[in-house]
Amino acid sequence: RVRRGFMKDFDETVAYLVPSASANQFEQALMELGTMLGFTAQRPENTGEPGSDVLWLLPGKVGMIIEAKSRKKSENPLNKEEHGQILVSEVWFKAAYPGYRPIRVSVHPSAVATKASVPVGLKALNYARLQLLVDDARSVLAAICESQVPAGQLAVVIDAALSTSNLRSERVANHYLTDFTVR
């Protein structure tokens, strides 16, 4: 029952990862998704820190610094000011998490940026890639939650489910994030 309840919580959470959700709902859902994937997740900006909207800390001392532009229209490219915002978040991150490798991410509907924004090293998580991540997570989590093994053997089921998954922390960035194109 607890495992099935987890899937219900998952579905309720990811239902807010849509453009029609408020910025607060979207960012909270993105943070909770990170936690459900097994990452340490937080909303630094929500606590008064000059950090990003969402931060996922992955194993291997990697931090995904995420700025969510969830309400932005797809025809509007990432601009210089928005890229500047994530650069400020990166400065905060490096001071707060020395020794971690930062990955700057903008959740952006189009993965298109203006030339003036100079998005070098900035990754996009567009809606199609976010949906792929959610679908992959649902598949892996469902396999885990539907297993009938006792709790003491659940780690084996989890390892098997993740063994070929792109949700493994070392694969997430390469599989779900894309480079911005400049126009």
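The values are calculated or read from the model by the stated rules, or taken from the named source; none is laboratory data. Keep in mind the model is a prediction, meaning the values are calculated, not measured. Neighbour counts are summed over all protein chains in view; Cβ atoms, including those assigned to glycine, are modelled from backbone coordinates with ideal geometry. Protein only, heavy atoms only, side chains kept; ligands, DNA and RNA dropped before computing areas. Shrake-Rupley method; radii C 1.70, N 1.55, O 1.52, S 1.80 Å.
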Sole miss for Asp11 among (1) over 15 Å from Arg104 (Cα atoms); (2) surrounded by 21 or more Cβ atoms within 10 Å (Cβ to Cβ) is condition (2)
Conditions (1) over 29 Å from Met7 (Cα atoms); (2) at pLDDT 95 or above; (3) open to solvent by 30 Å² or more (accessible area, probe 1.4 Å) -> Arg138 fails only (1)
| said: Going by what's in this entry, would Glu170 be described as open to solvent by 80 Å² or more (accessible area, probe 1.4 Å), in contact (Cβ under 8 Å) with a residue 40 or more places away in the chain, of a type outside the set (Lys, Arg) and over 23 Å from Pro44 (Cβ atoms)? | reply: yes
In the set Glu27, Glu81, Glu45, the lone residue that is charged (D, E, K, R) and surrounded by 20 or more Cβ atoms within 10 Å (Cβ to Cβ) is Glu27
Checked the stretch 142-156 for anything open to solvent by 30 Å² or more (accessible area, probe 1.4 Å) and farther than 14 Å from Gly38 by Cβ; matches are Ala143, Glu146, Gln148, Val149, Pro150, Ala151, Gly152, Gln153, Val156
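Does Glu75 meet the test of being free of Cβ contacts under 8 Å to residues at least 24 places away in the same chain, surrounded by fewer than 21 Cβ atoms within 10 Å (Cβ to Cβ) and closer than 24 Å to Ala128 by Cα? Please lay out each step first, then the result.
Numbers: free of Cβ contacts under 8 Å to residues at least 24 places away in the same chain: no; surrounded by fewer than 21 Cβ atoms within 10 Å (Cβ to Cβ): yes; closer than 24 Å to Ala128 by Cα: yes.
Considered against the rule, which asks whether it is free of Cβ contacts under 8 Å to residues at least 24 places away in the same chain, surrounded by fewer than 21 Cβ atoms within 10 Å (Cβ to Cβ) and closer than 24 Å to Ala128 by Cα, Glu75 comes out as no.
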Note on the stretch 108-149: residues assigned to a helix (DSSP H, G or I), over 24 Å from Ala161 (Cα atoms) and small (Gly, Ala, Ser) are Ala116, Ser117
Within the stretch 88-119, residues under 22 Å from Met31 (Cα atoms) and hydrophobic (A, V, I, L, M, F, W, C) come out as Val88, Val91, Trp92, Phe93, Ala95, Ala96, Ile103, Val105, Val107, Ala111
Selection from the stretch 108-136 of residues over 17 Å from the mean Cα position of the chain (by Cα) and aliphatic (A, V, I, L, M) yields Val112, Ala113, Ala116, Val118, Val120
Only one of (1) open to solvent by 70 Å² or more (accessible area, probe 1.4 Å); (2) of a type outside the set (Gly, Ala, Ser); (3) assigned to a helix (DSSP H, G or I) does not apply to His175, and that is (1)
Across the stretch 87-105, the tally of residues that are buried (at least 21 other Cβ atoms within 10 Å of the Cβ), under 17 Å from Lys69 (Cβ atoms) and out of contact with any helix residue (DSSP H, G or I) (no Cβ under 6 Å at 6 or more places or on another chain) stands at 2
